[in-house]
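Notes follow the structure.
The values are calculated or read from the model by the stated rules, or taken from the named source; none is laboratory data. Values in this document were obtained by computation on a predicted structure and should not be read as measured data. Glycine also receives a Cβ, built like all others from the backbone with ideal geometry; neighbour counts cover every protein chain displayed. Just so you know, the surface numbers come from the protein's heavy atoms only, side chains and all, with ligands and any DNA or RNA stripped out. Shrake-Rupley method; radii C 1.70, N 1.55, O 1.52, S 1.80 Å.
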Amino acid sequence: MRRRYNLTYLMLAYAVLLGLMPLMVGVDAQAQIAFTSEKIHTVNIYMIDPNGRNLRRLTNNRWADDFLSWSPDGKRITFAAQTNRSWDIYVMDIDDGKSRNLTNSHQDEWEPSWSPDGKRIAFASDRERRSGIYVMDANGRNIQQLTGSHRRTDRYPVWSPDGKRIAFASHRGAHWDIHVMDADGGKSKNLTGSLRDNWAPSWSPNGKRIAFTSAPKDGDIDIYVMDADGQNIQNLTNHPAADKFPSWSPNGRRIAFASDRDGNWEIYLMDDDGENPQNLTNSSFGDESHPAWFPDGSAAEPVRKAFRMWGWLKQVVR
């Protein structure tokens with residue numbers, strides 16, 4: 001009798017799992033890709049579906065809005081905005097379009113990156129007369145310096161998915177290299193250490209790999225990927241045109257990036273092994289760059305519900 005009872009629940013679990021699969025594998029279909037676009041001599045932020053549809057303009061700055069990062073819940077973005085004075089870090093609600101200046105500094109501050117728990121934002125700033133990595137609360141308070149004492153330039157910070165580390169680009173030697181440090185600024189390590197310039201790192205969703213932009217001093221710019229410890233570096237694009245600024249899809253299967261292979265800068269998608277590149281924006285004017293790929297709340301919540309339901313079924317079957 002007990003064996004029959006367990007078999008019944010096993011069949012129920014299997015049926016529910018089949019129903020949940022479209023929710024889990026369809027995240028990319030509901031995802032949004034934000035990016036910057038320069039049209040009519042101004043740079044603003046746009047959003048588009050990964051199938052190239054539903055283009056939407058998010059900002060309208062007569063100077064420039066650039067270097068964006070999604071909040072973990074997909075409801076806000078943080079970005080750098082240029083005024084006639086300097087660059088500052090802003091935050092904006094996606095729904096109502098209202099933005100707020102977080103740094104309000106006379107020094108240039110850009111390249112913000114939202115922490116996975118939504119509580120902090122890392123960014124680059126030259127407030128100490130050289131570009132270093134800083135972190136602040138998501139409301140702009142409690143700004144702390146993480147790097148900069150070495151009198152070299154550090155830029156492009158990005159949090160690891162578990163929030164314990166920050167990858168960034170640093171010009172501490174003859175070249176730009178990808179470094180990683182603890183979230184409090186400790187235990188910094190050079191991951192690339194090559195004769196090429198390496199910048200703009202992007203963590204894979206599972207935290208096991210880092211994609212980045214790489215180029216020799218007089219060669220092609222390409223997208224590379226490596227293990228999170230700096231091992232197994234591979235060229236993903238290997239194209240005579242320039243490819244840069246990678247961003248992973250939520251499920252880690254695709255990478256968005258900027259490329260000028262069609263004559264002007266566009267946003268492309270490719271598989272995580274570099275195969276099947278596709279032009280996403282297909283713009284005949286302007287330049288697109290800095291893609292940031294993250295699902296909105298409606299895409300993330302069904303997945304969270306799916307995994308909660310699957311966990312409950314596993315407990316029942318036991």
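Computed quantities for the displayed model
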quantity	calculated
Residue within segment 129-148 that is within 21 Å of the chain's Cα centre (by Cα), modelled with pLDDT under 95 and not in a loop (DSSP other than H, G, I, E, B) present	yes
Test: G185 is open to solvent by 20 Å² or more (accessible area, probe 1.4 Å) and out of contact with any helix residue (DSSP H, G or I) (no Cβ under 6 Å at 6 or more places or on another chain)	yes
Exclusive hit being among the small types (G, A, S), under 21 Å from L236 (Cα atoms) and in a loop (DSSP other than H, G, I, E, B), set S202, S194	S194
Residue in segment 101-122 that is nearest to Y134 (Cα to Cα), counting only those that are part of a strand (DSSP E or B) and in contact (Cβ under 8 Å) with a residue 40 or more places away in the chain	A122
Scan of segment 158-175 for residues that are open to solvent by 40 Å² or more (accessible area, probe 1.4 Å), under 15 Å from I210 (Cα atoms) and either part of a strand (DSSP E or B) or β-branched (V, I, T) (or both), ordered by number	R165
Whichever residue in segment 20-34 is more than 17 Å from D95 (Cα to Cα) and either among the aromatic types (F, W, Y) or open to solvent by less than 40 Å² (accessible area, probe 1.4 Å) (or both) and, among such residues, is modelled with the highest pLDDT	D28
Residue match in segment 233-248 (condition: in contact (Cβ under 8 Å) with a residue 60 or more places away in the chain and either among the polar types (S, T, N, Q) or surrounded by fewer than 23 Cβ atoms within 10 Å (Cβ to Cβ) (or both))	yes
Selected residue (criterion: farthest from L280 (Cα to Cα)) from residues of segment 70-93 that are hydroxyl-bearing (S, T, Y) and open to solvent by less than 20 Å² (accessible area, probe 1.4 Å)	S86
Some residue of segment 173-189 being of a type in the set (D, E) and under 25 Å from K119 (Cβ atoms)	yes
Test for R155: is it part of a strand (DSSP E or B) and of a type in the set (K, R)	yes
